[in-house]
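The values are calculated or read from the model by the stated rules, or taken from the named source; none is laboratory data. Note that this is a predicted model, so its numbers are computed, not measured. Backbone-built Cβ (ideal geometry, glycine too); neighbour counts: all protein chains shown. Areas reflect the complete protein model, heavy atoms only, side chains present, ligands, DNA and RNA absent. Shrake-Rupley method; radii C 1.70, N 1.55, O 1.52, S 1.80 Å.
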Amino acid sequence: QVQLVESGGGLVHPGGSLRLSCAASESIFSFSDMGWYRQAPGEQRDFVARINRIGFTDYKDSVKGRFTISGDNAKNTMYLQMNSLEAEDTAVYYCYAAKTGNIQWGQGTQVTVSS
């Protein structure tokens, strides 16, 4: 079973940046796609961004132009670069990896945007 470990969350002021990492226990080429969801207090887990094996990317409308998803095959790691952060981006961010119908989730990392 693949292990996913997120890091990079924290407290940042509005307008600031963070880069989240999701380190996988195996080659990220083995997954059909990987991505990020987030869950704010009292809300459902919500799609943020995804990237597939051939590099196709997709984003939630509200993060387009601010967030960038990418992968580093040599490091078995996926990233989410988040710029121009807003208070509404505050949530626990979860990475996932999908393969042959199975989806694995990381443990989550807290992102708080506050002045």
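The residues packed around Met34, meaning those with a beta-carbon under 14 Å from its beta-carbon, carry a net charge of -1 if Lys and Arg are +1 and Asp and Glu are -1.
Taking the three principal axes of the alpha carbon atoms in the chain, the coordinate ranges are 41, 26, 23 Å, sorted in descending order. DSSP beta bridges fully contained in the chain are about 95 percent antiparallel. Apolar share of the accessible surface for the chain: 48 percent from carbon plus sulfur atoms, 1.4 Å probe. Near Ser115, once Lys and Arg are set to +1 and Asp and Glu to -1 for all other residues with Cβ below 14 Å from its Cβ, the sum equals -3.
Could you work out the local net charge near Val5, counting Lys and Arg as +1, Asp and Glu as -1, over the other residues with Cβ closer than 13 Å to its Cβ? Here the charged neighbours net out to -1.
Per residue, the solvent-accessible area of region 44-115 (1.4 Å probe, heavy atoms of protein chains only, all protein chains present) comes to 53 Å². Cross-link partners for Lys75 among the lysines, with Cα-Cα distance under 22 Å and sequence neighbours closer than 8 places in the same chain left out: Lys99. Counting only Cβ charges, +1 for Lys and Arg and -1 for Asp and Glu, the dipole size of region 12-115 around its Cα centre is about 220 debye.
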